[in-house]
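Everything below concerns the one structure shown next.
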Amino acid sequence: MTSVRPPNLSETRFLRALSELASVVGASNVYSAPDRLLDYADPFAPQPMAEHFAASAAVLPGSTDDIREVLKIARAYRLPLWPVSTGRNFAYGGAAPRLRGSVVLDLKRMNRIVEVNETLAYALVEPGVTYFDLYAHLRRHRMKLWVDPAAAGWGSVLGNALERGFGYTAYGDHAASQCGMEVMLASGELVRTGMGAIEIGRAWQLYKAGFGPSYDAMFMQSNFGIVTKLGLWLMPEPPAYLMAHVKLPREHDLEAAVDTLRPLRLSEIIRNHAVIEGAIRHAAGVSARADWYEGAGPLPESVVDEIVSRLGIGRWNVHLALYGEPDIVDARWRAAERAFARVPGAQIEARRYAAGEVPNGGGEGNMAGIPAMSAFRMLDWRGGAGAHVDFSPICPFTGGDAMRQYSVAKARLAEYGFDYYGGFTAGERYLHHIVATIFDRDDPKQTEAAADLQRVLMSDARSEGYGVYRTHLATMDFAASQYDFNDGALLRMSETIKDAVDPDGILAPGKSGIWPRAWRAKRGDV
Ligand code: ADP
């Protein structure tokens with residue numbers, strides 16, 4: 001007996017499919033027992049919601065040949081597969097599938113670092129390679145290259161780039177640093193993109209386009225193929241780097257922080273994904289909410305003021321890094337410091353490090369290319385079974401837009417009983433605004449409010465012309481429906497492509513709101 005199965009298969013057919021899968025990858029690489037499937041449940045889903053995204057099984061191929069055979073079985077049974085690399089897409093669903101009963105295609109056994117080229121500064125990796133793995137590999141081989149870790153270092157380098165995740169060095173835009181892919185289509189056909197289509201291709205990880213149309217971005221946040229290798233540019237280790245922190249005292253200083261950072265970023269004086277974080281996010285890294293306040297509802301302003309003064313932080317805290325030759329770093333810093341010093345009350349600290357030196361206690365490792373897991377400290381903020389779900393709108397890089405997004409979100413969060421735990425990360429012309437709703441999963445009221453709140457935050461943003469760049473499984477259809485120019489022409493095009501490249505609808509039905517013909521009736525079903 002299996003407890004969950006794909007909606008279109010009888011128990012008998014499902015068991016037969018599982019036994020065929022086992023004959024390809026080995027019985028020890030097919031999981032269907034409920035306790036083995038716990039790893040594939042969304043770790044942060046409010047309990048009732050977790051049911052909607054339950055997997056029926058997981059299959060772990062060891063090679064592209066295995067994947068081809070798995071696909072053959074999936075096509076024969078119309079078995080929905082949900083590919084993940086390491087499945088640590090926490091706050092957006094973890095390894096859990098959008099369509100209940102899908103089989104997770106877990107690629108973590110495919111974890112080779114195929115190549116690292118130090119001269120041309122790139123790596124080619126398989127899905128199971130984590131930031132920790134790649135970092136360790138570079139150190140072990142004494143290569144003068146940095147990785148750009150995502151907030152949590154245990155995730156997949158390939159999976160994060162496909163989700164358009166970001167980090168904090170000058171290579172923080174992971175989708176932009178990606179170059180060349182190997183992809184298996186639902187038919188079992190293996191495609192190499194760009195220069196990789198030349199059999200002995202020498203420039204696969206160097207020139208993105210190749211000849212003719214380019215497709216790499218088409219496989220990001222989509223369900224058009226299974227990515228089996230991905231090229232990524234790595235940052236040459238800088239001879240020196242500088243970390244700076246600017247504390248700004250007042251709530252409305254967010255506007256000045258953004259308007260000061262933008263010209264520095266656009267002129268490339270600052271090239272990293274600098275961060276502007278709110279006081280509560282900073283405080284959650286070093287304390288728990290109960291240390292400050294035990295009452296109901298959001299933290300009162302007086303408590304936030306107390307946090308700011310007792311921890312000696314800003315109401316907004318800018319963290320940035322500069323990389324390069326020491327004299328160039330110093331010259332750049334003089335320009336940046338001058339700009340921030342114009343903001344009344346700004347407190348500025350900076351320290352220059354030599355190459356290879358670990359920054360202050362390692363806590364700032366992400367900006368120095370050192371993966372870490374400190375991001376998870378936030379889970380203890382609220383106490384209980386800490387979890388979070390993220391509202392992640394893209395914000396135009398102006399102080400006015402940032403203040404508008406912040407004020408609207410903060411008021412809504414308060415209405416639902418949550419603190420504004422958020423911050424902005426600097427792209428070139430946009431900011432990633434990440435607002436985490438932190439809740440205790442054992443508290444049904446909190447979990448329900450957290451889930452309802454996400455749609456409200458997204459609707460508020462949409463009515464001002466903003467959209468999210470990424471969202472939880474539960475809100476993928478909702479997010480896709482907000483990108484509705486010309487009556488949803490974009491989604492219609494995505495689904496036309498989906499039906500052409502995956503006519504049996506076996507790959508990740510519902511991912512990013514894209515449903516294959518066979519499963520379209522499931523849209524909106526959560
Ligand atoms: P991470 O562990 O880095 O957070 P995941 O493995 O959870 O990354 O991948 C994030 C999402 O990206 C998955 O939910 C899936 O939709 C997609 N994805 C991941 N790996 C692949 C892949 N190899 N091919 C196609 N899609 C993938």
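The values are calculated or read from the model by the stated rules, or taken from the named source; none is laboratory data. No experiment lies behind these values; they were computed from the predicted model shown. So basically every Cβ, Gly included, is an ideal-geometry build from the backbone, and we count neighbours across all protein chains shown. The area values use the complete protein model at the heavy-atom level, side chains included, leaving out ligands, DNA and RNA. Shrake-Rupley method; radii C 1.70, N 1.55, O 1.52, S 1.80 Å.
Some values worked out for this structure:
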read-out: All positions within the stretch 133-149 that are touching a residue at least 40 places away in the same chain (Cβ under 8 Å) and under 25 Å from Tyr469 (Cβ atoms); value: Trp146, Val147, Asp148, Pro149
read-out: Single residue of the stretch 29-65 satisfying the filter (touching a Leu at 6+ places or on another chain (Cβ under 9 Å) and assigned to a helix (DSSP H, G or I)) that is farthest from Ala96 (Cα to Cα); value: Thr64
read-out: Strands (runs of 3 or more DSSP E) fully within the stretch 86-151 counting 1 or more residues that are in contact with a Phe, Trp or Tyr (Cβ under 7 Å, 6 or more places away or on another chain) and within 14 Å of the ligand (Cβ to nearest atom); value: 103-106
read-out: Of all residues in the stretch 193-252 being open to solvent by less than 60 Å² (accessible area, probe 1.4 Å) and of a type in the set (Asp, Glu), the one that is nearest to the ligand (Cβ to nearest atom); value: Asp216
read-out: Residue within the stretch 316-331 that is without any contact (Cβ under 8 Å) to a residue 12 or more places away in the chain, within 23 Å of Ala170 (Cα to Cα) and not in a helix (DSSP H, G or I) present; value: no
read-out: Test: residue in the stretch 380-388 that is part of a helix (DSSP H, G or I), in contact (Cβ under 8 Å) with a residue 12 or more places away in the chain and within 19 Å of Val468 (Cβ to Cβ); value: no
read-out: Any hit, the stretch 176-192, residues being at positive phi and more than 9 Å from the ligand (Cβ to nearest atom); value: yes
read-out: Residue list for the stretch 89-112, filter: in contact (Cβ under 8 Å) with a residue 24 or more places away in the chain, under 17 Å from Leu158 (Cα atoms), of a type in the set (D, E, K, R) and out of contact with any strand residue (DSSP E or B) (no Cβ under 7 Å at 6 or more places or on another chain); value: Lys108, Arg109
read-out: Enumeration of residues in the stretch 160-174 that are within 13 Å of the ligand (Cβ to nearest atom) and either open to solvent by less than 20 Å² (accessible area, probe 1.4 Å) or part of a loop (DSSP other than H, G, I, E, B) (or both); value: Ala161, Glu163, Arg164, Gly165, Gly167, His174
read-out: Qualifying residue in the stretch 71-81 (condition: open to solvent by 20 Å² or more (accessible area, probe 1.4 Å), within 16 Å of the ligand (Cβ to nearest atom), touching a residue at least 40 places away in the same chain (Cβ under 8 Å) and outside the structural domain of Asp443 (by TED's automatic domain parsing)); value: no
